[in-house]
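Trainee: Provided herewith is a single structure, encoded as C-alpha coordinates, for subsequent inquiry.
The values are calculated or read from the model by the stated rules, or taken from the named source; none is laboratory data. Just so you know, these numbers come straight off a predicted model, no measurement behind them. No Cβ is skipped: glycine too gets one built from the backbone with ideal geometry, and neighbour counts run over all protein chains shown. Remember, those area values only see protein heavy atoms, side chains included, never the ligands or the DNA or RNA. Shrake-Rupley method; radii C 1.70, N 1.55, O 1.52, S 1.80 Å.
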Amino acid sequence: MTNNSNTSRVTVKVLEQMKNDGEKISMLTAYDFSFAKIIDEAGVDVILVGDSASNVMAGHETTLPITLDQMIYHASAVVRAVKRALVVVDLPFGTYQADSKEALKSAIRIMKESGAHAVKLEGGHLAKESIERIIQAGIPVMGHLGLTPQSIYKFGTYTVRAKDDEEANTLIDDSKMLENIGCFSIVLEKIPNILAKKVASNLKLPIIGIGAGSGVDGQVLVSHDMLGMNKDFSPRFLRRYLDLDSLVSEAVKKYSSDIKSGSFPNKEEQY
Ligand code: KIV
(Lines give C-alpha, C1' and ligand atoms only; values in the text may rest on other atoms or scores of the structure.)
Protein backbone atom coordinates (compact mmCIF):
# COMPACT_ATOMS: atom_id res chain seq x y z
CA MET A 1 0.00 0.00 0.00
CA THR A 2 1.37 3.44 -0.93
CA ASN A 3 0.65 6.48 1.15
CA ASN A 4 -0.34 9.28 -1.22
CA SER A 5 -0.77 11.96 1.47
CA ASN A 6 2.62 13.60 0.73
CA THR A 7 2.56 13.61 -3.08
CA SER A 8 2.43 17.01 -4.80
CA ARG A 9 -0.97 17.24 -6.45
CA VAL A 10 -4.00 14.97 -6.14
CA THR A 11 -5.48 14.22 -9.56
CA VAL A 12 -8.31 11.95 -10.65
CA LYS A 13 -5.63 9.39 -11.61
CA VAL A 14 -4.16 9.54 -8.10
CA LEU A 15 -7.62 8.79 -6.65
CA GLU A 16 -7.98 5.78 -8.96
CA GLN A 17 -4.56 4.57 -7.81
CA MET A 18 -5.53 5.07 -4.16
CA LYS A 19 -8.52 2.77 -4.67
CA ASN A 20 -6.28 0.17 -6.35
CA ASP A 21 -3.81 0.43 -3.45
CA GLY A 22 -6.57 0.14 -0.84
CA GLU A 23 -5.75 3.61 0.52
CA LYS A 24 -8.88 5.40 1.78
CA ILE A 25 -9.68 8.84 0.34
CA SER A 26 -10.44 11.79 2.62
CA MET A 27 -12.78 14.52 1.37
CA LEU A 28 -14.16 17.57 3.15
CA THR A 29 -16.11 20.64 2.08
CA ALA A 30 -14.69 24.18 2.04
CA TYR A 31 -16.21 27.41 0.80
CA ASP A 32 -13.61 30.10 1.56
CA PHE A 33 -9.87 30.80 1.37
CA SER A 34 -9.00 30.52 5.09
CA PHE A 35 -10.70 27.18 5.76
CA ALA A 36 -9.55 25.72 2.44
CA LYS A 37 -5.92 26.58 3.30
CA ILE A 38 -6.14 24.81 6.69
CA ILE A 39 -7.91 21.78 5.21
CA ASP A 40 -5.45 21.48 2.32
CA GLU A 41 -2.39 21.84 4.57
CA ALA A 42 -3.85 19.17 6.86
CA GLY A 43 -3.61 16.74 3.94
CA VAL A 44 -7.23 16.14 2.92
CA ASP A 45 -7.21 14.56 -0.57
CA VAL A 46 -10.33 16.13 -2.10
CA ILE A 47 -11.93 19.48 -1.25
CA LEU A 48 -15.55 19.80 -2.26
CA VAL A 49 -17.01 23.24 -2.79
CA GLY A 50 -20.44 21.83 -2.07
CA ASP A 51 -23.77 23.47 -2.71
CA SER A 52 -24.17 22.91 1.04
CA ALA A 53 -22.72 26.45 1.02
CA SER A 54 -26.38 27.38 0.53
CA ASN A 55 -27.07 26.01 4.04
CA VAL A 56 -23.92 26.65 6.04
CA MET A 57 -22.69 29.88 4.47
CA ALA A 58 -25.95 31.56 3.45
CA GLY A 59 -28.41 30.11 5.99
CA HIS A 60 -30.91 28.73 3.48
CA GLU A 61 -33.03 25.73 4.50
CA THR A 62 -32.10 23.80 1.34
CA THR A 63 -29.35 23.72 -1.30
CA LEU A 64 -31.72 24.94 -4.01
CA PRO A 65 -31.29 28.74 -3.83
CA ILE A 66 -27.51 28.97 -4.39
CA THR A 67 -26.61 30.35 -7.83
CA LEU A 68 -23.84 29.54 -10.30
CA ASP A 69 -22.22 32.95 -9.71
CA GLN A 70 -22.20 32.31 -5.95
CA MET A 71 -20.67 28.83 -6.41
CA ILE A 72 -17.97 30.33 -8.64
CA TYR A 73 -17.25 33.00 -6.00
CA HIS A 74 -16.77 30.32 -3.29
CA ALA A 75 -14.80 28.02 -5.61
CA SER A 76 -12.39 30.78 -6.70
CA ALA A 77 -11.53 31.55 -3.08
CA VAL A 78 -10.94 27.85 -2.36
CA VAL A 79 -8.79 27.33 -5.47
CA ARG A 80 -6.57 30.30 -4.48
CA ALA A 81 -5.79 28.54 -1.17
CA VAL A 82 -5.26 24.96 -2.32
CA LYS A 83 -1.87 23.57 -3.31
CA ARG A 84 -2.40 19.81 -3.09
CA ALA A 85 -6.03 18.65 -2.94
CA LEU A 86 -8.26 18.00 -5.94
CA VAL A 87 -10.94 20.75 -5.92
CA VAL A 88 -14.40 19.57 -6.97
CA VAL A 89 -17.30 22.01 -7.34
CA ASP A 90 -21.03 21.25 -7.22
CA LEU A 91 -23.15 22.30 -10.17
CA PRO A 92 -26.00 24.08 -8.39
CA PHE A 93 -29.68 23.32 -8.85
CA GLY A 94 -31.13 24.73 -12.06
CA THR A 95 -27.85 24.93 -13.96
CA TYR A 96 -27.80 21.47 -15.56
CA GLN A 97 -31.28 19.92 -15.44
CA ALA A 98 -32.85 21.72 -18.43
CA ASP A 99 -30.62 20.24 -21.11
CA SER A 100 -27.10 18.97 -21.69
CA LYS A 101 -25.93 22.12 -23.53
CA GLU A 102 -26.82 24.24 -20.52
CA ALA A 103 -25.09 21.70 -18.27
CA LEU A 104 -21.90 21.95 -20.31
CA LYS A 105 -22.03 25.76 -20.30
CA SER A 106 -22.39 25.75 -16.49
CA ALA A 107 -19.52 23.30 -16.05
CA ILE A 108 -17.29 25.34 -18.37
CA ARG A 109 -18.03 28.52 -16.41
CA ILE A 110 -17.02 26.78 -13.17
CA MET A 111 -13.77 25.46 -14.65
CA LYS A 112 -12.83 28.68 -16.46
CA GLU A 113 -13.82 31.25 -13.83
CA SER A 114 -12.80 29.42 -10.64
CA GLY A 115 -9.86 27.29 -11.76
CA ALA A 116 -11.36 24.17 -10.12
CA HIS A 117 -10.35 20.68 -11.25
CA ALA A 118 -13.69 18.85 -11.55
CA VAL A 119 -17.44 19.20 -11.10
CA LYS A 120 -20.01 17.14 -9.23
CA LEU A 121 -23.66 16.78 -10.09
CA GLU A 122 -26.59 14.85 -8.69
CA GLY A 123 -28.56 12.12 -10.43
CA GLY A 124 -28.37 8.88 -12.40
CA HIS A 125 -29.97 8.04 -15.74
CA LEU A 126 -31.78 11.41 -15.96
CA ALA A 127 -28.45 13.24 -15.86
CA LYS A 128 -26.69 10.82 -18.27
CA GLU A 129 -26.70 13.03 -21.38
CA SER A 130 -25.45 16.07 -19.47
CA ILE A 131 -22.66 14.13 -17.79
CA GLU A 132 -21.57 12.61 -21.13
CA ARG A 133 -21.41 16.03 -22.76
CA ILE A 134 -19.38 17.52 -19.88
CA ILE A 135 -16.93 14.59 -19.89
CA GLN A 136 -16.56 14.85 -23.69
CA ALA A 137 -15.42 18.44 -23.16
CA GLY A 138 -12.58 17.14 -20.99
CA ILE A 139 -14.08 18.05 -17.62
CA PRO A 140 -13.86 15.36 -14.92
CA VAL A 141 -17.25 14.56 -13.35
CA MET A 142 -18.04 13.13 -9.93
CA GLY A 143 -21.52 11.58 -9.71
CA HIS A 144 -23.82 11.79 -6.68
CA LEU A 145 -26.47 9.12 -5.93
CA GLY A 146 -28.65 8.06 -3.00
CA LEU A 147 -29.91 11.05 -1.05
CA THR A 148 -29.63 13.90 -3.52
CA PRO A 149 -30.49 17.08 -1.58
CA GLN A 150 -31.40 19.08 -4.70
CA SER A 151 -34.44 16.73 -5.01
CA ILE A 152 -35.57 17.22 -1.41
CA TYR A 153 -39.04 18.37 -2.42
CA LYS A 154 -39.50 15.17 -4.47
CA PHE A 155 -38.36 12.96 -1.55
CA GLY A 156 -40.10 15.08 1.13
CA THR A 157 -37.54 14.00 3.75
CA TYR A 158 -33.79 13.64 4.35
CA THR A 159 -34.18 10.03 5.48
CA VAL A 160 -32.04 7.03 4.34
CA ARG A 161 -32.53 6.21 0.63
CA ALA A 162 -32.54 2.93 -1.35
CA LYS A 163 -33.78 0.73 1.49
CA ASP A 164 -36.18 -1.15 -0.79
CA ASP A 165 -35.06 -3.47 -3.61
CA GLU A 166 -36.42 -1.34 -6.43
CA GLU A 167 -34.54 1.81 -5.41
CA ALA A 168 -31.43 -0.21 -4.52
CA ASN A 169 -31.41 -1.86 -7.98
CA THR A 170 -31.85 1.51 -9.70
CA LEU A 171 -28.92 2.86 -7.69
CA ILE A 172 -26.75 -0.12 -8.69
CA ASP A 173 -27.67 0.36 -12.38
CA ASP A 174 -27.05 4.11 -12.17
CA SER A 175 -23.65 3.65 -10.54
CA LYS A 176 -22.59 1.19 -13.29
CA MET A 177 -23.82 3.63 -15.92
CA LEU A 178 -21.84 6.50 -14.32
CA GLU A 179 -18.69 4.38 -14.41
CA ASN A 180 -19.32 3.33 -18.04
CA ILE A 181 -19.75 6.89 -19.29
CA GLY A 182 -16.52 7.98 -17.59
CA CYS A 183 -17.23 9.57 -14.20
CA PHE A 184 -14.03 9.52 -12.12
CA SER A 185 -15.82 8.96 -8.79
CA ILE A 186 -19.27 8.80 -7.19
CA VAL A 187 -20.58 10.17 -3.89
CA LEU A 188 -23.14 7.88 -2.25
CA GLU A 189 -25.19 9.73 0.34
CA LYS A 190 -27.22 8.19 3.16
CA ILE A 191 -27.82 4.65 1.90
CA PRO A 192 -27.48 1.29 3.70
CA ASN A 193 -23.91 0.19 4.40
CA ILE A 194 -24.37 -3.17 2.63
CA LEU A 195 -25.58 -1.55 -0.59
CA ALA A 196 -22.74 1.01 -0.61
CA LYS A 197 -20.19 -1.75 -0.02
CA LYS A 198 -21.62 -3.78 -2.90
CA VAL A 199 -21.38 -0.79 -5.28
CA ALA A 200 -17.80 0.00 -4.18
CA SER A 201 -16.62 -3.58 -4.61
CA ASN A 202 -18.24 -4.01 -8.04
CA LEU A 203 -16.85 -0.82 -9.57
CA LYS A 204 -13.33 0.33 -10.41
CA LEU A 205 -13.91 4.02 -9.74
CA PRO A 206 -13.59 5.33 -6.17
CA ILE A 207 -16.82 5.55 -4.17
CA ILE A 208 -16.97 8.28 -1.53
CA GLY A 209 -19.59 7.87 1.16
CA ILE A 210 -21.48 10.21 3.46
CA GLY A 211 -23.72 8.20 5.75
CA ALA A 212 -22.98 5.15 3.58
CA GLY A 213 -20.88 3.15 6.04
CA SER A 214 -17.29 1.94 6.06
CA GLY A 215 -17.29 -0.37 3.03
CA VAL A 216 -16.59 2.39 0.50
CA ASP A 217 -13.31 3.90 -0.74
CA GLY A 218 -13.44 7.22 1.08
CA GLN A 219 -15.53 9.52 3.24
CA VAL A 220 -16.83 13.07 2.94
CA LEU A 221 -18.40 15.34 5.56
CA VAL A 222 -19.49 18.94 5.57
CA SER A 223 -16.65 20.75 7.40
CA HIS A 224 -18.99 22.93 9.46
CA ASP A 225 -20.76 19.79 10.74
CA MET A 226 -17.61 17.82 11.65
CA LEU A 227 -16.13 20.88 13.38
CA GLY A 228 -19.24 21.23 15.54
CA MET A 229 -20.50 24.55 14.22
CA ASN A 230 -24.11 23.41 13.99
CA LYS A 231 -25.54 22.02 17.24
CA ASP A 232 -28.97 21.45 15.66
CA PHE A 233 -27.70 18.94 13.07
CA SER A 234 -26.99 15.50 14.57
CA PRO A 235 -27.53 12.68 12.07
CA ARG A 236 -26.19 9.25 13.07
CA PHE A 237 -23.42 9.35 10.46
CA LEU A 238 -21.88 12.59 11.74
CA ARG A 239 -18.77 12.39 13.92
CA ARG A 240 -17.90 15.74 15.52
CA TYR A 241 -14.16 16.34 15.87
CA LEU A 242 -14.47 19.71 17.62
CA ASP A 243 -17.01 21.80 19.47
CA LEU A 244 -16.21 24.95 17.49
CA ASP A 245 -19.56 26.52 18.34
CA SER A 246 -18.64 26.61 22.07
CA LEU A 247 -14.98 27.53 21.46
CA VAL A 248 -15.88 30.52 19.27
CA SER A 249 -18.67 31.59 21.60
CA GLU A 250 -16.35 31.52 24.67
CA ALA A 251 -13.67 33.52 22.81
CA VAL A 252 -16.17 36.13 21.62
CA LYS A 253 -17.68 36.49 25.13
CA LYS A 254 -14.20 36.97 26.62
CA TYR A 255 -13.31 39.55 23.93
CA SER A 256 -16.49 41.47 24.61
CA SER A 257 -16.04 41.44 28.40
CA ASP A 258 -12.36 42.49 28.05
CA ILE A 259 -13.49 45.55 26.05
CA LYS A 260 -16.14 46.45 28.58
CA SER A 261 -13.78 46.00 31.56
CA GLY A 262 -11.09 48.09 29.85
CA SER A 263 -8.51 45.26 29.87
CA PHE A 264 -8.33 45.18 26.05
CA PRO A 265 -6.23 46.70 24.62
CA ASN A 266 -3.44 46.79 27.22
CA LYS A 267 -0.19 48.81 27.03
CA GLU A 268 1.55 46.26 24.79
CA GLU A 269 -1.38 46.20 22.38
CA GLN A 270 -1.23 49.86 21.42
CA TYR A 271 1.17 52.22 19.54
O1 KIV B 1 -22.92 19.88 -0.97
C2 KIV B 1 -22.32 19.06 -0.27
O3 KIV B 1 -21.70 19.39 0.76
C4 KIV B 1 -22.33 17.67 -0.69
C5 KIV B 1 -21.81 16.64 0.27
C6 KIV B 1 -22.80 16.41 1.32
C7 KIV B 1 -21.42 15.40 -0.42
O8 KIV B 1 -22.79 17.36 -1.76
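Trainee: Can you tell me which residue among GLY228, GLY143 is in a strand (DSSP E or B) and either of a type in the set (A, V, I, L, M, F, W, C) or in contact (Cβ under 8 Å) with a residue 12 or more places away in the chain (or both)?
Mentor: The match here is GLY143.
Trainee: Which one of GLY59, GLY94, GLY43, GLY50 is out of contact with any helix residue (DSSP H, G or I) (no Cβ under 6 Å at 6 or more places or on another chain) and closer than 22 Å to PHE184 by Cα?
Mentor: Step by step, each of GLY59, GLY94, GLY43, GLY50 is checked, and only GLY50 is out of contact with any helix residue (DSSP H, G or I) (no Cβ under 6 Å at 6 or more places or on another chain) and closer than 22 Å to PHE184 by Cα.
Trainee: For the condition at pLDDT 95 or above and part of a loop (DSSP other than H, G, I, E, B), what is the one hit in GLY209, GLY215? First the steps, then the outcome.
Mentor: Values: GLY209 fails: part of a loop (DSSP other than H, G, I, E, B).
The conditions single out GLY215.
Trainee: Can you name every residue in region 66-84 that is in a loop (DSSP other than H, G, I, E, B) and within 13 Å of the ligand (Cβ to nearest atom)? Spell out how you get there, then give the answer.
Mentor: Restricting attention to region 66-84, the residues satisfying the condition of being in a loop (DSSP other than H, G, I, E, B) are 66-67, 82-84.
Listed by number, the list holds a single entry, ILE66.
Trainee: Among the listed residues LEU188, LEU247, LEU227, which satisfies the condition of being away from the ligand (no atom under 11 Å from the Cβ) and open to solvent by less than 80 Å² (accessible area, probe 1.4 Å)?
Mentor: LEU227
Trainee: So which of PHE155, PHE233 is at pLDDT below 95, in contact with a Leu (Cβ under 9 Å, 6 or more places away or on another chain) and either within 16 Å of the ligand (Cβ to nearest atom) or open to solvent by 30 Å² or more (accessible area, probe 1.4 Å) (or both)?
Mentor: Answer to the check: PHE155.
Trainee: Of the residues VAL141, VAL49, VAL87, which is buried (at least 16 other Cβ atoms within 10 Å of the Cβ), within 14 Å of the ligand (Cβ to nearest atom) and farther than 25 Å from MET229 by Cα?
Mentor: That would be VAL141, the only listed residue that is buried (at least 16 other Cβ atoms within 10 Å of the Cβ), within 14 Å of the ligand (Cβ to nearest atom) and farther than 25 Å from MET229 by Cα.
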